[in-house]
């Protein structure tokens, strides 16, 4: 079972792996690969992730907690569906903190999501090269 990195010790982008169970579920949608479902899902996720990372990066200066929470919410389930569990977990934790008003650093939340997102992007690009 893959371990998930803690918030204090983020994984290196080149060390992130996608969850085997999530990958298996995606392959079940198109067992023979004839419809290229897995490839299409990863390409759509890659495109969406690049866009959302840009939006998160724009929040670095004078970030809006509602925007960051919304981006975390959008990324959470799509990240989980492709097996980017560290990103999904980071999104869930940041979204929860921002929605409940728990004390913390919005800048730290943004950096955490950016780091986890960039790591997931590396893993997805590697998957697309296979």
Go through the range 82-117 and give me each residue that's within 10 Å of the chain's Cα centre (by Cα) and either surrounded by fewer than 15 Cβ atoms within 10 Å (Cβ to Cβ) or not in a helix (DSSP H, G or I) (or both). 82, 83, 84
Residue selected from the range 15-35 under the condition touching a residue at least 24 places away in the same chain (Cβ under 8 Å) and not in a helix (DSSP H, G or I), by the criterion surrounded by the most Cβ atoms within 10 Å (Cβ to Cβ): 16
Residue hits (the range 36-65; assigned to a helix (DSSP H, G or I) and without any contact (Cβ under 8 Å) to a residue 24 or more places away in the chain) are 37, 38, 40, 44, 47, 51, 54, 55, 58
Please go through the range 66-81 and give me each residue that is surrounded by fewer than 17 Cβ atoms within 10 Å (Cβ to Cβ) and either more than 19 Å from residue 45 (Cβ to Cβ) or touching a residue at least 40 places away in the same chain (Cβ under 8 Å) (or both), ordered by number. 66, 67, 81
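Where a number appears in this text, it was derived from the coordinates with a stated rule and is not lab data. No experiment lies behind these values; they were computed from the predicted model shown. A quick note on method: Cβ atoms are made from the backbone with ideal geometry, for glycine too, and the neighbour counts reach across all protein chains shown.
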